[in-house]
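What follows is a set of notes on a single structure, which appears directly below.
The values are calculated or read from the model by the stated rules, or taken from the named source; none is laboratory data. Just so we're clear, the structure is a prediction, and the values are computed from it rather than from any experiment. Neighbour counts run over all protein chains shown; Cβ positions are idealised from the backbone, glycine included.
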Amino acid sequence: MINFIIVAYYIAACFVSCYLNIQVQKNNLPVYATIIGNLLFMFGWMASIKTSNLDLTKLTALVNVTITFGFFFGLAFFGERIIFSQWIGVLFLIAGIILISELPID
């Protein structure tokens, strides 16, 4: 249950951060408004480490995938285009997570 809450929190934080970043890009907000998104992610990470029952490797993979797809959903929701190099980055992220998940941990 706590892992579902972590995912839901990060998706909501991604939407907030996407909105703030788009507003900064359009010069409707000052650049330092992006600190709010960073604080949301930092608070979420600290709370995730403290409350999740996953080991750190799996928790990191869960958070990274959630943030990546959360940003993509946020960008799509706000009508922004997702460019080819961003998709390549997602493929590299997924490949890295697969490699990390398959490595034996001693």
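So the values come out like this:
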{"read-out": "Single unsatisfied condition, residue 88 versus (1) surrounded by 15 or more Cβ atoms within 10 Å (Cβ to Cβ); (2) more than 13 Å from the chain's Cα centre (by Cα)", "value": "(1)"}
{"read-out": "Residue among 51, 66, 57, 34 that is surrounded by 11 or more Cβ atoms within 10 Å (Cβ to Cβ), modelled with pLDDT under 85 and among the hydroxyl-bearing types (Ser, Thr, Tyr)", "value": "57"}
